[in-house]
Amino acid sequence: MRFEVVVEFHKDFVRVDGNKIVVGLTSAPEKGKANLELIKKLAKHFKVSSSQVKIVAGLKWREKVVEIVGV
């Protein structure tokens, strides 16, 4: 299933509203650290493996499209 994801920095939360997800990240957006934290948080929230979460679009943007297999 695909979701639109909006990232907010310096916060720690996951809020799901239909197929839109707002995620607060504490990692700095450098060298892929924030994207890795996003994948781990979404995997934990949806109770799937982190290998089942894929960022489809928006690797360098706050707005992303994420695909989660098994949801």
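Filter region 40-63 for residues that are within 19 Å of residue 10 (Cβ to Cβ), touching a residue at least 12 places away in the same chain (Cβ under 8 Å) and among the hydrophobic types (A, V, I, L, M, F, W, C) and give the result.
42
I'd like the residue in region 23-58 that is over 21 Å from residue 69 (Cβ atoms) and of a type outside the set (Gly, Ala, Ser) and, out of all such residues, is surrounded by the most Cβ atoms within 10 Å (Cβ to Cβ).
Looking at the filtered set, the residue picked out is 25.
Values quoted throughout were computed directly from the atomic coordinates according to the rules given, and no laboratory measurement underlies them. Every value quoted in this text rests on a predicted model; they were computed, and no experiment measured them. Neighbour counts are summed over all protein chains in view; Cβ atoms, including those assigned to glycine, are modelled from backbone coordinates with ideal geometry.
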